[in-house]
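Here's the structure, in structure tokens; my notes come after.
The values are calculated or read from the model by the stated rules, or taken from the named source; none is laboratory data. Computed from a predicted structure; not experimentally measured. Positions of Cβ are backbone-derived with ideal geometry, glycine not excepted, and every protein chain shown enters the neighbour counts.
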Amino acid sequence: MTQLQLWPSAVTRSMGSARKRERAEMRYIAICVAVLSLAGGSALALPPIAVQTSIDSVSVMVMDKSWLGSPNAPSYVITRWPDGAVLASGSIPVDRITRNRAGIPSFTITGLHPKPWSPQDPQLYVIAISDASGNEIAKTRFGFRTFETKDGKFYLNGRPIFLRGLPINPPGRDIDPAVERDPGFIRGYLKLVKSAGVNTVRVDPPEWLDACDELGLMVFTGRYGPAPGGNGAIAPSYEQAQPFYRDMVLNLCSHPSVMIYVLTNEVDYKSKESTYKQFLSRIHSDLRALDPTRPVIGNAGFGRGEPGEIYDVHHYYGWYAGSAVDWYASFRSFVDAADKANKPLTLTECVGAYTCDSGEFETMSKQMATMLQWVGTAHDVRAASLEYQAELTRQIVELARRQHPPGDASGSILTRSMSGRGVAGIMPFSYYLGWARAKKAEDIIVKPAFEALKVAFQPVLISAECWHRNIYAGDTLKLRLCVANDDDSGRDLAPSRAAVEVAAPDGEVIASGGADFPAIPYYCNAWADISIPIPARTGRGYYKVNCRLFEDGKEISGNSFWVTIAPREWAACRVSHVTLFDPAGTTAAALKQLGAKFRHVPNLRRLPDKGVLVIGEAGLRDGGYPDRLALARFLEAGGRVLCLRQERDGWNADWLPARLVMAQNRHPFTYIQPMGRTPSSPALQGGEKASDESSRLPAMTYSAPYQGGDKGGSAIFGELTDRDLRFFNELGCVSGVIPDVYPVLTPLKPTTVTDLKSARVWAACDQLLSGWALVELYQGKGSILLSQFRLVERVKDDPVAAKLLSNLISYCASGNSSGLLDLTRPIRWDQEAFRVGVLQSPKQGFLPHSPTYKHEGTSKGRLGDDHRIDGVTLVGEYTITANGWLRPVPDPTIEGWGVFFGQLSRPVSRFIVKLRNPGDSAANIAVRLDGEPIGPAASIAAGDSRSIEWSCPRKPGPVQVELRGDQRLVITETCFQ
């Protein structure tokens, strides 16, 4: 039976008189006026009515009170949308309409029997109110559902639900306004998103909310940025901003898709002068009185659950800092903190890795230095950017999905180490689709990362935890399989079977295994260990591990990842006549496993007359550095030193021809970027071919930055590719939870720009590739090759680490050194400058340039813009902050400079610079070689692009080049001829 329930109001009881009620009504009118004047009148007008629901009732709030004074009772009718079937109807006794807890006239209809709204079945209804004459007064569409937080979870209609979200969507983000409002585009876009397993989005335009209501997509929305009227850490006054938030809720609450209100985004709580926490606590209290049916995030990303019902975090490991594996520790910290707060944990921003519509990473402000550490020397920057975005997305989202409590005592290291309830929702904040030039939904660009998201967002997910992805032929592939049951129907899974196959690029299955899973309750995980022997005759190559889950013989989930397999002879080292200093003996054991022949020396006071000296890992820990005079004689005579990884504590660079330091870093490094590569490097061995899935896996050949060879890069990285330097095999756990797969812990860095004079960097990491993982220092006829790669302890189980160590020894023993970079070859100052290794440090004064780059301002550019690096500008020495910002911010009114080093392999007569002046006035540039000017400064007209030549007869040998000039100039190419 349908009943009209009239809410008793604490507000009404407290007023006590008609005079107080009148004052409250006048205050409400004043609030509405303030809303309309706020932010230049941009606030939305209030709807005539707004509704809140439960499963079987609807509460109607009345904003248009023009009909409340009528002596005749109005009527209501609730119909199902869109077919119009009547659910309920009746009259509304006006004299008994009361004010709710927020002071708004309201009435509640109970005893209803509707179909609830859900993502699987988005049932909608319409309530229409008519006067006594039958004239319609007000109408709104809504849906019946409940959404609440309890025990660290979200509950929709009484059932737990995991939020699989997408926070970046077209509204307000580089899209044609007409397309943004087009119903066909909106529905097409949202259907595409939902097809990827997304059940939650962040949007706010009414047209988009209407479509989410109809299509069954949940929404978190509200105010993103500071509160209106706020200034830095200072919140606006309560009186100034409260009307805005009240208006926001009244416009949103009738939408059944809206589940979560957001009050602000990343506002400052830490500054002493900050007033935001107190301000937001008061606003939160008001909004919970106005709408108690939805949880609130008070300060998205930075609030850590205060105020609000949700512990929300923004976190970007794998982009601005850290790497994908560092998320293990992050999740442990976040889950434990949310558990203590007894609130569900959401990550409404993560991943980053912002690609534009053409596929390259964005290069706006802090994105420039950040993106270079992940794809800085890639031959195909577009493919590498798209591939990294996809891989990072899958790693983070799948790790989050694996955090549900297991249905038994099993679980990953991380799950077993946590007492919390897991992650309740994750929303990767990245551009997975492209729409800048779209005119209809069919024009939307689908990126590889969107396909990766589709895999990671499978409601029932099979996900492999495997950090031994480099395998010797004849060894065993070991992995842990997790099944996460977030089935959209809320059902328990019946007993199921996982099948795992290791397939060559041509599809041939070379090995397989499987595991049986018991019944898995809804919103729980299950785990199984799997070991798969790899045939001993397997050739070197990349192999796809396909994981599939079957229930009652039907495949219900699929996933895959790549592994490297190689025979042991692939990494063998046939070098002899090596002298080894290795107090600990660990390097000696590794060299024996590789087959290298060597002789020991007990100390470095006396060096061999010739050949190769290998300093073992951590061999200098106790201060036993080489005698400087003996080392100088050894190098002058053509001796080669390979110094394997040393530890930061106690490091001293006095014995080197350059003052290199080991800076303290927040995190170790993955995705090491190789430099100085050549087109003649061998492709994969073992007869295997590269995969055709270029969007998922980069080209398997070791690409070159320019035509012509560089024997150093070819020898060091022979038969290896970019992906081989991303992760090595796990060496246990860091902090008890992080898989130790880091190739480099502490890179080397120069103290001054002159430290680059004798240096050739072969591999780099960190922002702007400013950390050196592998660098060769030249002196006399010899050199010192310093490697910070962690190779020795991995030789036994990791063929990639073993191969790199073998290559390093063979390179030093060959006697064929490349020497400094040959500057008689043209150097393009786009990303090729990083590939060849001419850009080695911010101390050189060159700043990469792109059409979208700015020193400050917004951190993300337009999707349709050209974000490719197209040259460098001259700014002088600078540093990069942990979050990628340039410091100090260059002053364009002063002259800038940039320095680089190399050698001339033949006599030259002139130096040529190609450049352009995008400024609005003429600009000058001058050149110095080895500190001396080689001619007068040249002037470039505004808007001009040209080549400038300076006469400079020079003999072969090392050279230092310094460019000085206007900071607006963009250098695109240089060459000695």
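Set side by side, the residues Asp724, Asp740, Asp755 differ, and just one is acidic (Asp, Glu), in contact with a helix residue (DSSP H, G or I) (Cβ under 7 Å, 6 or more places away or on another chain), modelled with pLDDT of 95 or more and within 30 Å of Lys366 (Cβ to Cβ), which is Asp724.
With respect to the conditions (1) surrounded by fewer than 17 Cβ atoms within 10 Å (Cβ to Cβ); (2) touching a Phe, Trp or Tyr at 6+ places or on another chain (Cβ under 9 Å); (3) of a type in the set (A, V, I, L, M), Ile894 falls short on a single one, namely (2).
Take Gly611 and tell me if it is on the phi > 0 side of the Ramachandran plot, assigned by TED's automatic domain parsing to the domain that holds Val744 and touching a residue at least 40 places away in the same chain (Cβ under 8 Å). Outline the logic, then answer.
Working: on the phi > 0 side of the Ramachandran plot: yes; assigned by TED's automatic domain parsing to the domain that holds Val744: yes; touching a residue at least 40 places away in the same chain (Cβ under 8 Å): yes.
Criteria met by Gly611.
Looking only at residues of the range 837-882 that are among the aliphatic types (A, V, I, L, M) and touching an Asp or Glu at 6+ places or on another chain (Cβ under 8 Å), we find that the one that is farthest from Met675 (Cα to Cα) is Leu863.
Is it the case that some residue within the range 515-538 is touching a residue at least 24 places away in the same chain (Cβ under 8 Å), polar (S, T, N, Q), out of contact with any Cys (no Cβ under 7 Å at 6 or more places or on another chain) and not assigned by TED's automatic domain parsing to the domain that holds Gln646? Looking through the range 515-538, at least one residue is touching a residue at least 24 places away in the same chain (Cβ under 8 Å), polar (S, T, N, Q), out of contact with any Cys (no Cβ under 7 Å at 6 or more places or on another chain) and not assigned by TED's automatic domain parsing to the domain that holds Gln646.
Listed here are the residues, each with its yes/no results for (1) modelled with pLDDT of 95 or more; (2) farther than 30 Å from Phe162 by Cα; (3) surrounded by 22 or more Cβ atoms within 10 Å (Cβ to Cβ).
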residue	(1), (2), (3)
Glu180	yes, no, no
Arg187	yes, no, no
Leu190	yes, no, yes
Lys194	yes, no, no
Asn199	yes, no, yes
Pro228	yes, yes, no
Ala235	yes, yes, yes
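Can you report the number of residues in the range 313-343 which are in contact with a helix residue (DSSP H, G or I) (Cβ under 7 Å, 6 or more places away or on another chain) and buried (at least 21 other Cβ atoms within 10 Å of the Cβ)? Looking only at that region, the number is 10. Does the range 566-577 contain at least one residue that is surrounded by fewer than 22 Cβ atoms within 10 Å (Cβ to Cβ) and farther than 27 Å from Phe727 by Cα? Within the range 566-577 (the criterion being surrounded by fewer than 22 Cβ atoms within 10 Å (Cβ to Cβ) and farther than 27 Å from Phe727 by Cα), the answer is yes, since at least one residue qualifies. Listed by position, the strands (runs of 3 or more DSSP E) enclosed by the range 420-538 that each have at least 3 residues that are out of contact with any Pro (no Cβ under 7 Å at 6 or more places or on another chain) and not aromatic (Phe, Trp, Tyr) are 460-465, 476-485, 496-503, 509-517, 524-533. Within the bounds of the range 163-176, is there any residue that is in contact (Cβ under 8 Å) with a residue 60 or more places away in the chain, closer than 25 Å to Gly352 by Cα, part of a strand (DSSP E or B) and in contact with a Lys or Arg (Cβ under 8 Å, 6 or more places away or on another chain)? Looking for residues that are in contact (Cβ under 8 Å) with a residue 60 or more places away in the chain, closer than 25 Å to Gly352 by Cα, part of a strand (DSSP E or B) and in contact with a Lys or Arg (Cβ under 8 Å, 6 or more places away or on another chain), one finds at least one in the range 163-176, hence yes. You will find that of Ala132, Ala85, Ala102, the residue that is at pLDDT 90 or above and among the aliphatic types (A, V, I, L, M) is Ala85 and no other.
Among the residues making up the range 897-917, those that are surrounded by fewer than 21 Cβ atoms within 10 Å (Cβ to Cβ) and aliphatic (A, V, I, L, M) are Leu904, Val908, Ile912. In summary, Leu748 fulfils each of the numbered conditions (1) within 30 Å of the chain's Cα centre (by Cα); (2) under 28 Å from Ala473 (Cα atoms) with the single exception of condition (2).
Residue by residue, here is whether (1) in a loop (DSSP other than H, G, I, E, B); (2) in contact (Cβ under 8 Å) with a residue 60 or more places away in the chain; (3) within 50 Å of the chain's Cα centre (by Cα) holds:
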| residue | (1), (2), (3) |
| --- | --- |
| Gly69 | yes, no, no |
| Gly84 | yes, no, yes |
| Ala102 | yes, yes, yes |
| Ser106 | no, yes, yes |
| His113 | yes, no, yes |
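If you check Ala324, Ala329, Ala341, which single one turns out to be under 14 Å from the mean Cα position of the chain (by Cα), small (Gly, Ala, Ser) and at pLDDT 95 or above? Explain how you work it out, then say what you get.
On the way: Ala329 fails: under 14 Å from the mean Cα position of the chain (by Cα); Ala341 fails: under 14 Å from the mean Cα position of the chain (by Cα).
Only one candidate passes the filter, namely Ala324.
Scan the range 621-632 and tell me whether some residue there is over 30 Å from Tyr388 (Cα atoms), at pLDDT below 95 and under 39 Å from the mean Cα position of the chain (by Cα). Scanning the range 621-632, I find at least one residue that is over 30 Å from Tyr388 (Cα atoms), at pLDDT below 95 and under 39 Å from the mean Cα position of the chain (by Cα), so the answer is yes. Residues in the range 738-765 that are surrounded by fewer than 21 Cβ atoms within 10 Å (Cβ to Cβ) and either outside the structural domain of Cys573 (by TED's automatic domain parsing) or among the acidic types (Asp, Glu) (or both): Asp740 only.
This table checks each residue for (1) outside the structural domain of Val198 (by TED's automatic domain parsing); (2) within 29 Å of Asp336 (Cβ to Cβ); (3) without any contact (Cβ under 8 Å) to a residue 40 or more places away in the chain.
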| site | (1), (2), (3) |
| --- | --- |
| Val249 | yes, no, no |
| Val262 | yes, yes, no |
| Val267 | yes, yes, no |
| Lys277 | yes, yes, yes |
| Ile283 | yes, yes, no |
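Kindly check whether there is at least one residue in the range 344-353 that is among the charged types (D, E, K, R), out of contact with any Ser or Thr (no Cβ under 8 Å at 6 or more places or on another chain) and surrounded by 21 or more Cβ atoms within 10 Å (Cβ to Cβ). Checked against the condition, which is being among the charged types (D, E, K, R), out of contact with any Ser or Thr (no Cβ under 8 Å at 6 or more places or on another chain) and surrounded by 21 or more Cβ atoms within 10 Å (Cβ to Cβ), the range 344-353 yields at least one hit.
One line per residue, one yes/no per condition, for (1) within 30 Å of Pro405 (Cα to Cα); (2) in a loop (DSSP other than H, G, I, E, B):
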| site | (1), (2) |
| --- | --- |
| Ser274 | no, yes |
| Gly305 | yes, yes |
| Val325 | yes, no |
| Lys343 | yes, yes |
| Thr348 | yes, no |
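Every test in (1) in a loop (DSSP other than H, G, I, E, B); (2) surrounded by fewer than 18 Cβ atoms within 10 Å (Cβ to Cβ); (3) hydroxyl-bearing (Ser, Thr, Tyr) is passed by Ser947 save one, and that test is (1).
Somewhere in the range 414-435, is a residue in contact with a Phe, Trp or Tyr (Cβ under 7 Å, 6 or more places away or on another chain) and either more than 18 Å from Pro167 (Cα to Cα) or at pLDDT below 95 (or both)? Yes, the range 414-435 has at least one match. The residues in the range 586-620 that are among the small types (Gly, Ala, Ser) and either in contact with a strand residue (DSSP E or B) (Cβ under 9 Å, 6 or more places away or on another chain) or closer than 20 Å to Asp649 by Cα (or both) can be counted, and the count is 6.
On the basis of being over 27 Å from the mean Cα position of the chain (by Cα), acidic (Asp, Glu) and assigned by TED's automatic domain parsing to the domain that holds Glu617, does Asp822 make the cut?
Here the answer is no, as Asp822 does not meet what is asked.
So is Val179 under 16 Å from Ser257 (Cα atoms), assigned by TED's automatic domain parsing to the domain that holds Glu349 and either in a helix (DSSP H, G or I) or within 28 Å of the chain's Cα centre (by Cα) (or both) or not? Criteria not met by Val179. Filtering the range 276-303 to residues that are in a strand (DSSP E or B) and in contact with a helix residue (DSSP H, G or I) (Cβ under 7 Å, 6 or more places away or on another chain) leaves Val296, Gly298, Asn299.
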